[in-house]
Amino acid sequence: MERWQGRVALVTGASAGIGAGICRTLVKHGMVVVGCARSAHRIEALAQEDDVKSAPGKLHAIKCDLTKESEIQHMFEEIREKFGRIDVCINNAGFSYSCPLLTGEMSQWREMLEVNILALCMCTREAVKLMQENDIDDGQIIQISSIGGHRLVPASMAAFNFYCGTKFMVQTLTEGLRRELRSLKSHIRVTAVGPGMVKTEFAKRAFGEEAARKFSEDYPPINTALQPEDIANAVTYVLSTPPHVDVNDIIIRPVEGEF
Ligand SMILES: NC(=O)c1ccc[n+]([C@@H]2O[C@H](COP(=O)([O-])OP(=O)(O)OC[C@H]3O[C@@H](n4cnc5c(N)ncnc54)[C@H](OP(=O)(O)O)[C@@H]3O)[C@@H](O)[C@H]2O)c1
C-alpha cells in the first residue's frame, strides 16, 4: 500500500456500513480520504474517533446527496479546489427499498437508479477526468456491487429484485468502463467488489428498524454475516496489487448462508 500514501481517495456512502469501514482502513494506510454522504456529520464524527484521528492519513467529509447532479458537480469542484486530484474512486453508496416488481413504486425505483447507477456513473466519469488532468495513469476505480449482481436473490426475497437489477447493471458498467479505458491506452484499473450479506444499516433502510429486526430473526445468516472490515480488506487487496495487475471482479460471501 506504500504507493498510495498521501494520495486522494473518494469514498461515496461513507457515513455508515461498508463505506465507513473502507474510510477507516484507507486512513490507516495513510491515504487522504474524502468521504461523502447526506449525513456528513456522521463522517465528521468518524474522523474524530481515536483510531482514525491517530492514523497517518486524514478523513474529510463532504455533504452530498447523490440523487442530485448539481451536488455531485459541487462535490467535485470542492475536491478539485482543496486537493487538486483523485487517485482512487470507490463508488460504494447504494441501497434498496423493499419494492417487489409487482408492487414497487416508480419513485422508489427512480431513486435507486439515481444512487446505485447514475451517481456511480457520474462520479466515475468525473474521477477519471480529474485523474487524466493530473496525468495519473495508475488510478483505481472500485464499484461496490453485490452478490445480487451475479445471481437473483431467492424467491422469498422479492423485495430486492429491482435492487439486483441495478447491481447486474453495475457489473456491465464495470466491464464497459474497463474497455473504454483500455481503448484510450489508459492503465487506470476498474474492479467490482460483490459482497454477500454484510452487517450494516442496509436492512434498516430497506424495511425500517422494526421490520429489519424481524428480517434478521427470520434470516439467521445475518448473525454470521460479513463485517464492513471484511469488504475493506478486499479493497486493500485490490489497491495493494502491483500496477500491471487488474483485479476485475471479487465475490465475498459469508461462510454460512445459501445466497
Ligand atoms: N449490506 C449488505 O449486505 C450488502 C451486500 C451487498 C452489497 N452491498 C452494497 O454495499 C454498499 C454499501 O451498503 P451498506 O450495506 O454499507 O449500507 P448502509 O450501511 O445502509 O450505508 C449506505 C450508505 O449509502 C449512503 N447513501 C444512501 N443514499 C444516498 C444518497 N442519496 N446520497 C449520498 N449517500 C447516500 C448512506 O449515507 P446517507 O444516508 O448519510 O446519505 C450510507 O453512507 C451498497 O452499494 C450496497 O448495495 C451491501
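The values are calculated or read from the model by the stated rules, or taken from the named source; none is laboratory data. Keep in mind that this is a model prediction, so the values were computed, not measured. So basically every Cβ, Gly included, is an ideal-geometry build from the backbone, and we count neighbours across all protein chains shown. The protein model used for the area step is the full one, side chains on, heavy atoms only, and it has no ligands, DNA or RNA in it. Shrake-Rupley method; radii C 1.70, N 1.55, O 1.52, S 1.80 Å.
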How many of the residues in the range 153-170 are closer than 30 Å to R182 by Cβ and touching a helix residue (DSSP H, G or I) at 6+ places or on another chain (Cβ under 8 Å)?
7
Quick check: anything in the range 165-186 within 22 Å of V88 (Cβ to Cβ), assigned to a loop (DSSP other than H, G, I, E, B) and open to solvent by 60 Å² or more (accessible area, probe 1.4 Å)?
yes
Near pairs, Cβ below 9 angstrom, 6+ apart or cross-chain, from the range 50-79 (of a type in the set (F, W, Y)) to any residue that is within 14 Å of the ligand (Cβ to nearest atom):
F76/L10; F76/M122; F76/C123
Please state which of the following conditions T103 fails to meet, knowing it meets all the rest: (1) open to solvent by 20 Å² or more (accessible area, probe 1.4 Å); (2) touching a helix residue (DSSP H, G or I) at 6+ places or on another chain (Cβ under 8 Å); (3) not hydrophobic (A, V, I, L, M, F, W, C).
(2)
Matching residues in the range 234-254 (over 16 Å from S146 (Cα atoms) and either surrounded by fewer than 16 Cβ atoms within 10 Å (Cβ to Cβ) or of a type in the set (D, E) (or both)) number 8
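Among the candidates Q140, Q108, Q48, which residue alone is open to solvent by 60 Å² or more (accessible area, probe 1.4 Å) and either within 20 Å of F202 (Cα to Cα) or among the polar types (S, T, N, Q) (or both)?
Working: Q140 fails: open to solvent by 60 Å² or more (accessible area, probe 1.4 Å); Q108 fails: open to solvent by 60 Å² or more (accessible area, probe 1.4 Å).
Going through Q140, Q108, Q48 in turn, the sole match is Q48.
Which one of A192, A206 is modelled with pLDDT of 95 or more, within 21 Å of Q227 (Cα to Cα), within 16 Å of the ligand (Cβ to nearest atom) and open to solvent by less than 50 Å² (accessible area, probe 1.4 Å)? If you could, list the steps in order and put the result at the bottom.
Details: A206 fails: modelled with pLDDT of 95 or more.
A192 is the lone residue from the list that is modelled with pLDDT of 95 or more, within 21 Å of Q227 (Cα to Cα), within 16 Å of the ligand (Cβ to nearest atom) and open to solvent by less than 50 Å² (accessible area, probe 1.4 Å).
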Within the range 209-248, can you find the residues that are charged (D, E, K, R) and under 14 Å from the mean Cα position of the chain (by Cα)?
E229, D230
Subset of the range 7-20, residues open to solvent by less than 10 Å² (accessible area, probe 1.4 Å) and either within 7 Å of the ligand (Cβ to nearest atom) or not in a strand (DSSP E or B) (or both), comes to T12, A14, G19
Sole residue being under 24 Å from Q132 (Cα atoms) and touching a Lys or Arg at 6+ places or on another chain (Cβ under 7 Å), chosen from D65, D87
D87
Restrict the check to the range 213-220 and report whether at least one residue is in a loop (DSSP other than H, G, I, E, B), open to solvent by 40 Å² or more (accessible area, probe 1.4 Å) and of a type outside the set (V, I, T).
yes
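Based on this model, can you work out whether V27 counts as away from the ligand (no atom under 14 Å from the Cβ), under 17 Å from the mean Cα position of the chain (by Cα) and not in a loop (DSSP other than H, G, I, E, B)? Lay out the reasoning, then the answer.
Details: away from the ligand (no atom under 14 Å from the Cβ): yes; under 17 Å from the mean Cα position of the chain (by Cα): yes; not in a loop (DSSP other than H, G, I, E, B): yes.
The answer is yes for V27.
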